[in-house]
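Taking it in order: structure first as structure tokens, then the write-up.
The values are calculated or read from the model by the stated rules, or taken from the named source; none is laboratory data. These figures come from a predicted structure and were not determined experimentally. We place every Cβ from the backbone using ideal geometry, glycine too, and count neighbours over all the protein chains shown.
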Amino acid sequence: TDRFFVVCPNLLGGCYGTTGPRFPAPDGLPYLGRFPLLAPLDLMRVLRIFVRQLGIRRLRMVVGPSMGGMVAWEWAIEAGDEVDLVAVIAAPLRTTAHEIGLNWLQRRGIELDLQEDRAMADWGQMVARGVGMLSYRSPVGLEEKFGRDWFQEAGATLAERGMYNVESWLRHHGKRIARRFDPYTYILFTRAMDLHDVGEDRGGLLAALDRVRCRTLVVGVSSDGLYPPDEVHLGADILSHIGKPVEYAEIRSPHGHDAVFIETEQIGHLLHNAFERPLRIVPTAAERAARRVRIGMLGAGRVASRFARLLAERRREIREEYALDIEIAAACDIDPAKKPGPEFAGADFGYDPEALLRRRDIDVVVETTSGTGASALIEAALRSRRPVVTPNKALVREHGERLEALALENGVRLAYHNAIAAGWPLLYAVERPLGSVAVASIEAILTCPAGVILEGMEEGLSREEAIRRATSLGLIEFGPEIEISGWDSAQKLSVLLARAKGLRYSVGDIPVTGIDRLDERLPRAALHLGLRVRLAALFEERADGPVGGVLPVAVAAESHLGSVRGENNVVVLRSGEMGEMVYIGRGRGGLPAATAVLNDLIGLYHPSRSWTGRYPRASRKLGPVPFRRWLRPAGAGAVVADGPSDDGVPILEALPLESDSSRS
């Protein structure tokens, strides 16, 4: 700092110069086990004397992490009128039985060092340090750092059992502490932490904290298993309740208790300008029960801006209804000329996507770019075990299967199904019956662009001409391949099946054939036979297993599937108990992509807003739908024939055709 002088003294009992157990007592012999037992209050009182000896009468700030945080609590209680701000980082008001038990285990190892057997001493310190290191880190952080990677692979015998990287890391730190840390100091300080209880001899916690006479900043660590954030938050909650100037903040990190030494950037951000900013209201324990979700936004365009505004409008409602406290922590765009709008005022805004992904305080990545260029960034986010939400159909179509598999391997999700549902109003009409009846079969037209393209081909347009017309009408948003390949219909069918059957089918589980290779003569020729060619989504529950798929089929012009025109879709559900149910409606809607992104984000944590994430993966793929008759091209027209045809399309069995007839 260039503003304040920083004093960082060694604690009494430490092994770096301040009097400790190895120092000589008045009788000339080392104190060793005769050294006085110390509590954090004793350590604070010695520091206070030291500060006065330096001629300092008032401190701008006292900052303490971990055991230093316990000492900082004592500063606030004993000498709050001598300091402007006390920052307590990852320290509770008192230690619990669990924390005392962990320290006991460490001391049992350290005590082996007191028996003057060098090998046993080193082994004891190594074990003690290992217990400590594991308590300082979180399971997520260890898995991210080491996984199951080998330091030395195992052989075939017990003597060649190998060593994992995490074991090597523990051994390394055990050897380091054996070389640099005095065993008596280790025992002294762990016992000092056991003795920490600010309410002892002060009439309890409430009476003790009522003595605080300074502003206090209390900081927890989200993944801290040693001193959980709930315990740390209690101090801020009590101070707030009795009207003391206090604020609470929480470091987002996978590193457990060690985050206080690793996440220096986050801690620095909290301490910087701590006096200039107004006090933030301390959340109650009930409010803290709401899961805090910090978002990193890739892209800051129209969808991202609308999402940020929508989140700000609905944040309180989301907290109350879903127990989620969602905030945008950071956002970035690759265009340095793009300036952030006011909706990103509370977020760190930059132009380096990779730097955003390196942040440890990001829980979820929301990708709102266009095209497929962000796939590598999404892959990096998934590998770092962070879920990704995207409304980008083009990216999902090209890379979705690979990215979903990667997400599954890393225990997170790639969420995008609400983005598909957002532009499909008919889905909301069929949602209730899908979840309330036993659906035996589904026949549906699920994409209006493909239907409009086929209608153009019925009029004599080529496929490319029909695609251009559909594009000019604003029906094709992400490129024609998504529609004509059958991919979009397959995604929507998977959503229908999730609701109807309670199983999650991926696009790879559904046979898909698009209209991109359809013989251009068939749509027009089919009209002369009383038929229409449509890109249909089909499902049927059969005795030998479910069948289904997305493919072009010929249907009777007067049938449910054949009668839809323009932007309309149709879903025909059949159930043994309810018979046939037909739903016809628009295939395009005005539900903004921002709303879809928000629903997918909530769906990561709350199943009521997830189309498919709450359902188990289907154990088998859908089999192909069997057909009896096919429509085949013949010259300038078409004929109906038995058996499959490589250049034709199948006819649904329900069509009222004579068994042996054919017309041209």
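Only residues that are in contact with a helix residue (DSSP H, G or I) (Cβ under 7 Å, 6 or more places away or on another chain), farther than 21 Å from Ser223 by Cα and in a helix (DSSP H, G or I) were counted in the stretch 319-361, giving 4.
Could you tell me which of the residues Ser441, Ser436 is over 27 Å from the mean Cα position of the chain (by Cα), at pLDDT 80 or above and polar (S, T, N, Q)?
On the way: Ser436 fails: at pLDDT 80 or above.
Result of the check over Ser441, Ser436: Ser441.
Flag: Arg277 does not match the condition of being surrounded by 12 or more Cβ atoms within 10 Å (Cβ to Cβ) and either basic (Lys, Arg) or on the phi < 0 side of the Ramachandran plot (or both).
Those residues that are of a type outside the set (Lys, Arg) and assigned to a strand (DSSP E or B), I need them from the stretch 290-318; list them, please.
We begin by selecting, within the stretch 290-318, every residue of a type outside the set (Lys, Arg); these are 290, 293, 295-301, 303-305, 307-308, 310-313, 317-318.
Of everything in the stretch 290-318, those that are of a type outside the set (Lys, Arg) and assigned to a strand (DSSP E or B) turn out to be Val293, Ile295, Gly296, Met297, Leu298.
Hey, can you tell me all the residues within the stretch 251-274 that are farther than 19 Å from Met61 by Cα and charged (D, E, K, R)?
Here is the first cut: in the stretch 251-274, the ones farther than 19 Å from Met61 by Cα are 251-259, 262-263.
Answer for the stretch 251-274, where residues must be farther than 19 Å from Met61 by Cα and charged (D, E, K, R): Arg252, Asp258, Glu263.
Only one of these is more than 22 Å from Gly64 (Cα to Cα), modelled with pLDDT of 85 or more and either touching a Gly at 6+ places or on another chain (Cβ under 9 Å) or not acidic (Asp, Glu) (or both): Gly296, Gly268. Name it. Break it down into steps so the answer makes sense when it comes.
Working: Gly268 fails: more than 22 Å from Gly64 (Cα to Cα).
Only one candidate qualifies: Gly296.
Given the criteria of a type in the set (Lys, Arg) and closer than 27 Å to Ala249 by Cβ, does Arg402 qualify? Considered against the rule, which asks whether it is of a type in the set (Lys, Arg) and closer than 27 Å to Ala249 by Cβ, Arg402 comes out as no. On inspection, Gly256 passes the criterion of being within 20 Å of Asp230 (Cβ to Cβ), more than 17 Å from the chain's Cα centre (by Cα) and crowded, with 18+ Cβ neighbours inside 10 Å. Taken residue by residue, the stretch 152-166 has at least one member that is surrounded by fewer than 14 Cβ atoms within 10 Å (Cβ to Cβ) and either of a type in the set (Lys, Arg) or in contact (Cβ under 8 Å) with a residue 60 or more places away in the chain (or both).
Within the stretch 223-249, how many residues turn out to be of a type outside the set (A, V, I, L, M), touching a Pro at 6+ places or on another chain (Cβ under 6 Å) and under 22 Å from Ala329 (Cβ atoms)?
Start the filter on the stretch 223-249 by keeping residues that are of a type outside the set (A, V, I, L, M), which leaves 223-225, 227-231, 233, 235, 237, 240-241, 243-245, 247-248.
If we keep only those that are touching a Pro at 6+ places or on another chain (Cβ under 6 Å) too, we end up with 223, 227, 231.
Narrowing further to those that are under 22 Å from Ala329 (Cβ atoms): 223.
Matching residues across the stretch 223-249 total 1.
Picking from Asp348, Asp361, Asp335, which residue would you name as being modelled with pLDDT of 90 or more and either surrounded by fewer than 18 Cβ atoms within 10 Å (Cβ to Cβ) or not basic (Lys, Arg) (or both)? Don't jump to the end; show me each part of the working.
Details: Asp361 fails: modelled with pLDDT of 90 or more; Asp335 fails: modelled with pLDDT of 90 or more.
On inspection, the qualifying residue turns out to be Asp348.
What do you reckon, is Val166 hydrophobic (A, V, I, L, M, F, W, C) and in contact with a strand residue (DSSP E or B) (Cβ under 7 Å, 6 or more places away or on another chain)?
Details: hydrophobic (A, V, I, L, M, F, W, C): yes; in contact with a strand residue (DSSP E or B) (Cβ under 7 Å, 6 or more places away or on another chain): no.
Against the criterion (hydrophobic (A, V, I, L, M, F, W, C) and in contact with a strand residue (DSSP E or B) (Cβ under 7 Å, 6 or more places away or on another chain)), Val166 does not qualify.
Can you find a residue that is of a type outside the set (Val, Ile, Thr), within 41 Å of the chain's Cα centre (by Cα) and either modelled with pLDDT of 85 or more or surrounded by fewer than 15 Cβ atoms within 10 Å (Cβ to Cβ) (or both) anywhere in the stretch 584-597? Spell out how you get there, then give the answer.
Keep residues of the stretch 584-597 that are of a type outside the set (Val, Ile, Thr), which gives 585-594, 596.
From what's left, within 41 Å of the chain's Cα centre (by Cα): 585-594, 596.
Next, from what is left, pick out any that are either modelled with pLDDT of 85 or more or surrounded by fewer than 15 Cβ atoms within 10 Å (Cβ to Cβ) (or both): 590.
Yes, that holds for at least one residue.
Val7 meets the conditions (1) surrounded by fewer than 19 Cβ atoms within 10 Å (Cβ to Cβ); (2) under 27 Å from Asp230 (Cβ atoms) in every case but one. The failed one is (2).
With the structure loaded, tell me whether Arg532 is at pLDDT 90 or above and surrounded by fewer than 23 Cβ atoms within 10 Å (Cβ to Cβ) or whether it fails that test.
no
Scanning the stretch 444-471 for residues that are in a helix (DSSP H, G or I) and either of a type in the set (Val, Ile, Thr) or not assigned by TED's automatic domain parsing to the domain that holds His560 (or both) yields Val452, Ile453, Ile467, Thr471.
In the condition set (1) among the charged types (D, E, K, R); (2) free of Cβ contacts under 8 Å to residues at least 12 places away in the same chain; (3) surrounded by 24 or more Cβ atoms within 10 Å (Cβ to Cβ), Glu580 is compliant with all but (3). Restricting attention to the stretch 503-513 and to residues that are in contact with a Pro (Cβ under 8 Å, 6 or more places away or on another chain) and touching a residue at least 60 places away in the same chain (Cβ under 8 Å), the residue that is surrounded by the most Cβ atoms within 10 Å (Cβ to Cβ) turns out to be Arg504. Beta carbons closer than 6 Å, at least 6 apart along the sequence or on distinct chains, pair a first residue in the stretch 473-484 that is at pLDDT 75 or above with a second that is part of a helix (DSSP H, G or I) and among the charged types (D, E, K, R) for Ile482/Lys393; Ile482/Arg397; Ile482/Asp488.
Checking each residue in the stretch 308-356 for being of a type outside the set (Asp, Glu), touching a strand residue (DSSP E or B) at 6+ places or on another chain (Cβ under 7 Å) and within 24 Å of Arg383 (Cβ to Cβ) picks out Ile326, Ile328, Ala329, Ala330, Ala331, Cys332, Ala347, Gly350, Tyr351, Pro353, Leu356. Quick check on my filter: what residues within the stretch 617-643 are closer than 17 Å to Leu551 by Cβ, outside any strand (DSSP E or B) and modelled with pLDDT of 85 or more? Within the stretch 617-643, Lys621, Leu622, Pro624, Val625, Pro626, Phe627, Arg628 meet the criteria. Can you tell me how many residues in the stretch 27-41 are assigned to a helix (DSSP H, G or I) and surrounded by fewer than 17 Cβ atoms within 10 Å (Cβ to Cβ)? So the answer is 3. Among all residues of the stretch 267-286, there is none that is touching a residue at least 12 places away in the same chain (Cβ under 8 Å), in a helix (DSSP H, G or I), outside the structural domain of Val364 (by TED's automatic domain parsing) and not hydrophobic (A, V, I, L, M, F, W, C).
Cβ-Cβ contacts under 7 Å between residues 6 or more apart (or on different chains), taken from a first residue in the stretch 400-422 that is closer than 15 Å to Ala498 by Cβ to a second residue that is modelled with pLDDT under 80 and in a loop (DSSP other than H, G, I, E, B), are listed as Arg413/Gly613; Ala415/Gly613; His417/Trp611; His417/Thr612; Asn418/Trp611; Ala421/Trp611. Listed by first and then second residue, the pairs linking a residue in the stretch 1-12 that is over 17 Å from Val71 (Cα atoms) to a residue that is outside any loop (DSSP other than H, G, I, E, B) and of a type in the set (A, V, I, L, M, F, W, C), with Cβ atoms under 8 Å apart and 6 or more places separating them unless they lie on different chains, are Phe4/Met61.
Scoring Gly299 on the criteria (1) buried (at least 21 other Cβ atoms within 10 Å of the Cβ); (2) closer than 21 Å to Pro342 by Cα; (3) over 24 Å from the mean Cα position of the chain (by Cα) leaves a single failure, condition (3).
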